[in-house]
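Okay, so here's the structure we're looking at.
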Amino acid sequence: MIKLAVFDIAGTIVSDDGVVLDCFSRAFEEVVPEIWSERNKEFVAHAKKTMGQSKIEVFRELLKSDELAERASDSFQEHYLQRLPDVKLFKGIPTMFDTLRKRGVKVALNTGFNRGTLDVLLDELGLKSLVDATATQSEALEGRPSPAMIQLVADRLGVSDSSQVAVIGDTKSDIEAGKRFGAGIKIGVLTGEHSLEELEVAGADYVVEHVLQVDHILI
């Protein structure tokens, strides 16, 4: 029996439509314009490959500098907040979350965004009252594919048996984190950057076209 469902945000419960990648590109262009002009294709490919991971860790890996990574991460978050009008909660999410909670399944969110961006996003999309817990990489001290964020929300909500946790996301990192955690169910959704094959190879137990199909698996 699943007692906790942990959802990713961008590309999973909210539309992406290239917003995240666009914000990555703008951050690189703003902070390291000369490097960006020479290596933009490489950086975009890496951003796609590592989608779902902590944003600042992706910047660190590419820029090899904590100072530049912090500046780029700040720039990314600023650009994402500017694009919030383009970010839409998938229709049916409030009803699905309500149904899960009424059936005894707690709902949590984990994300590669920082806490400031997440809190604005929760307010703008009306999600605060719909979920039981949230976690960011900085709070868990490690980002995906580490299971640290899943562990954090499970601990906060008193769910000690990892087999009673379901993890849902659109990226390989989401699925890998769930696998490392020992989640009872790992569900990939095809509304983000990664394909059916990529999600299955990462270890997804199920892959669905849309997150609204998840409740039929969990309850």
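Derivation of every value follows stated rules applied to the coordinates shown; laboratory data play no part. What you are looking at is a predicted structure, and each value in this text was computed from that prediction instead of being measured. FYI the Cβ positions are ideal-geometry reconstructions off the backbone, even for glycines, and counts take in every protein chain you see.
Summary of computed values
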quantity	calculated
Electrostatic dipole magnitude of the chain [Cβ: Lys, Arg +1; Asp, Glu -1; Cα centre; debye, to 20]	700
Too-long pairs where the Cα-Cα distance tops 23 Å, listed order kept, from Lys49/Lys128; Lys91/Lys179; Lys91/Lys128	Lys49/Lys128; Lys91/Lys179
Relative contact order (percent, whole number), the range 1-155, Cα cutoff 8 Å, 6+ residue spacing	29
Ordering of 144-150, 26-32, 84-90 by packing [mean C-beta count within 10 Å, highest first]	144-150, 26-32, 84-90
Dipole axis of the range 19-85 (+1 Lys, Arg; -1 Asp, Glu on Cβ), positive-most option in Phe24, Gly52, Tyr80	Gly52
Sorted peptide list for 123-131, 158-166, criterion being average Cβ within 10 angstrom, highest first	158-166, 123-131
Residues Ser195 and Ser65, FRET efficiency given R0 of 35 Å [Cβ-Cβ distance, rounded to 0.05]	0.65
Order by protection proxy (mean Cβ within 10 Å, highest first), peptides 5-15, 195-205, 73-83	5-15, 73-83, 195-205
Taking His46, His194 and counting other C-beta atoms within 10 Å, the order from fewest to most	His46, His194
Helix 33-49 axis, angle to the chain major axis (alpha carbon atoms, nearest 10°)	20
Calculated FRET efficiency for the pair Asp161/Asp17, C-beta based, R₀ 41 Å, to 0.05	0.65
Paramagnetic reach from Ala45 (point 7 Å along Cα→Cβ, amide N under 20 Å) across the range 197-216	197-199
Helical mean residue ellipticity (222 nm; -39500 (n - 2.57) per DSSP H run of 4+; nearest 500) of the chain	-15000 deg cm²/dmol
